[in-house]
Amino acid sequence: MAILCKVHETTIGRAFRTWVRLLSEELKLLFPYPAKTIIDKWMPSQFASYPNTRCIIDCTEFFIERPSSLTAQVLTFSSYKGHNTFKALIGVSPNGMVTYVSDLWGGRVSDRYITEHSGFLDLIERGDNIMADRGFNIEELLADRGATLNIPPFRNQGSTQLTFAQVEETRRIANVRIHVERCIGYAKLFRILVGVQPLSLAPLFDDIVKICFFLTNFNSPKVKS
């Protein structure tokens, strides 16, 4: 790009850093966490069984180069991915809009820890229902704020399989929870999020991830209201 624009590489670097930070801040202002009245107004019919759903959450990871520091290696190593990663908490409204993107954490951190310490809980209001996967053991954290958690049911104690009712409930939740997975998939269509991220991008990668996710809100509606 420096060659095409006939300027020094450092000039391009400064412009890139400036616009990444600016665009990240502007998109966060453009897509604030929506009020409950807005969520209710655009609630899709698929959520008729879960009318109090405020947000669907999930975590996603991004491969990074292996840090030279042993401490950083430990903090970023994801046992789930078997690789060093950055990890973010993503929140999506029932109609498929990205409404929350946390700062990045090391891949070692649990979903519960990110949820508790990322600032997401500060957005929770009494009566909210948060939909998530089984790995989010955050029920008491939400209860402290007068909210509830909706996750697929676990097997009954002593049972080797789910009951028919539990299987049906798991299927119903999966059919609507898939929207957050789709949003994550759309964001990762941006090539800058694909592959192993160089550590040189680390200071900007928080903003880059937020930009990619919030830009998906300009796509056609993911869920029909």
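The values are calculated or read from the model by the stated rules, or taken from the named source; none is laboratory data. The structure displayed is predicted, hence computed values, not measured ones. All Cβ positions, glycine included, derive from the backbone under ideal geometry; neighbour counts span all protein chains shown. SASA here: full protein model, heavy atoms, side chains in, ligands and nucleic acids out. Shrake-Rupley method; radii C 1.70, N 1.55, O 1.52, S 1.80 Å.
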Unit charges on C-beta of K, R, D, E only; dipole of the chain, Debye = 580 debye
Mind listing which GluC sites (Glu not before Pro) in the range 116-225 are in a DSSP loop and have 16 or fewer other Cβ atoms within 10 Å?
-> 125
Given a Förster radius of 35 Å and the C-beta distance between residue 72 and residue 2 as r, what FRET efficiency does 1/(1 + (r/R0)^6) yield to the nearest 0.05?
-> 0.70
DSSP loop trypsin sites (Lys or Arg not before Pro) in the range 145-225 with at most 10 other Cβ atoms within 10 Å of their Cβ, which ones?
-> 224
Candidate values (i) 1.15; (ii) 1.12; (iii) 1.01, label of the one derived for Rg/Rh (Cα atoms, Kirkwood Rh) = (iii)
What part of the accessible area of the chain, given as a whole %, is carbon or sulfur when the probe is 1.4 angstrom?
-> 57 percent
In the neighborhood of residue 202, defined by Cβ-to-Cβ distances under 13 Å, what is the net charge if each Lys or Arg adds +1 and each Asp or Glu adds -1?
-> -2
May I ask what percent, to the nearest 5, of DSSP beta bridges between residues of the chain are antiparallel?
-> 70 percent
Accessible area per residue in Å² at 1.4 Å probe, computed on the range 70-225 | 52 Å²
Once residue 159 and residue 33 are pulled to full extension, the length gained, defined as 0.36 nm per residue separation minus their Cα-Cα distance, is 41.3 nm
